[in-house]
Amino acid sequence: MARIVSKECCSIAAMKPSAPHDRIPVLIDCDPGIDDALALMVAAKYTAIAGITTVAGNVPIEHTTNNALSLCELLDLRVPVHQGAAGPLGGDHVTAEHVHGDTGLGNLHLSQPTTQIRTDDAVTFLNQHFLRNPGTRLIALGPLTNVALLLRQHPQVAEYIGGITFMGGSAFGSGNVTASAEFNIFADPEAADIVFKSTVPLEMVGLNLTHQVLMGERHGALLDKTNPISSAAITLLQSYQHLIASGSGVFDVPMHDPSAVLAVSHRELFGFKSRHVMVELQGDLTRGQTVVDERRTTREANMDVAYDVDIDSAITAIQSALS
């Protein structure tokens, strides 16, 4: 699939509507996080969310869990939320408040949730759900700690998982938390290594893909400020752009996690290639780097990697969900 250059839309009314899609049953593992919040809005429109698990990542676990509960209430998502890992399997615990704000949602302040987590044992919930609902797909939007713990503690569950689409890594070795590592993988490389070596069908939506899907304040300006969800999305887009720009200028920002959701709900918009992908665990300069073997001669592929996207249609689908 050829890369399609995005064209700016003039209004919501001018956008072509998304084609109808079956609502694929999914579980979502996330660390909200501004782009996780936008991704949950997208997933609420286009998928059938059966449950949400939280993990420490963009901000500490107490904030990611609280944000997930608040977002469920905003979106009227009546699904169980299970709290997961509070830190990585190994190495230092890193967070990204400088990108997402102190509590994870930038300048968006949602009401304190009235609902509570179902359990603080995300791994048990994931295992039981997959055993009872074989073939369900998992969308992983944060560090892969919960997923690795699931596969390590319940290895038999791998045959029941319909597949894992994760936002993380990069096909070209470039990073955003270091020069070589993307945040979700860098936050827990040991967990990613376990997942990558599993037998579960995997799809990687990395920086090389998500940096093609750019949005910002100009897209938020097209949304209806009187709608609570759209109003929240406007604030999230403004916060994300301002926090990443850090005074260096105005520009659109990548829709990392929403792209991973669309790779499941709108797969026809994406171009994937089968590759063997490894994680660097030791390098002083390269820890957390995803190494994608482009030779395809010596190692069997262990996942499908997203390379191309219909940019216009992806942005249209995201805006439609936010509106």
Highest average packing first - 137-143, 313-319, Cβ atoms within 10 Å: 137-143, 313-319
Cut-off under 5 Å, modelled amide H: who pairs with residue 253 long-range: 215, 216
Compactness of segment 75-168, expressed as Rg and Dmax over alpha-carbon positions, Å: 15.1, 43
Within the chain, helix-based [θ] at 222 nm, where runs of 4 or more DSSP H residues each add -39,500 (n - 2.57), nearest 500: -10000 deg cm²/dmol
³J(HN,Hα), Karplus 6.51/-1.76/1.60, whole Hz, each residue of segment 99-109, x for Gly, Pro: 9, 10, x, 4, 10, x, 10, x, 8, 7, 10
Value of D in µm² per second that Stokes-Einstein yields for the chain, Kirkwood Rh from Cα pairs, at 10 °C (1.306 mPa s): 82
Protection proxy ranking of 260-266, 46-52 - average other beta-carbon atoms within 10 Å, highest first: 260-266, 46-52
Debye, to nearest 20: dipole size of the chain, +1 on Lys, Arg Cβ, -1 on Asp, Glu Cβ: 720
For residue 305, residues with placed amide H under 5 Å, excluding near neighbours: 204, 273, 274, 275
Under-23-angstrom lysine pairs by C-alpha in segment 12-322, whenever the two are 8 or more apart or on separate chains: 4
For 170, 111, order by how many other beta-carbon atoms lie within 10 Å, fewest first: 111, 170
Charge tally in the Cβ shell below 11 Å around residue 60, where Lys, Arg are +1 and Asp, Glu are -1, residue 60 excluded: -4
Protection-proxy order for peptides 154-166, 87-99, 173-185, each taking the mean of Cβ atoms within 10 Å per residue, highest first: 173-185, 154-166, 87-99
Sequence-distant residues sharing a close amide H with residue 30 (under 5 Å, placed H): 53, 54, 55, 141
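Any read-out appearing in this document is the output of simple, stated calculations on the displayed coordinates, not a laboratory observation. Owing to the predicted nature of the structure, the values given are computational and were not obtained by experimental measurement. Backbone-built Cβ (ideal geometry, glycine too); neighbour counts: all protein chains shown.
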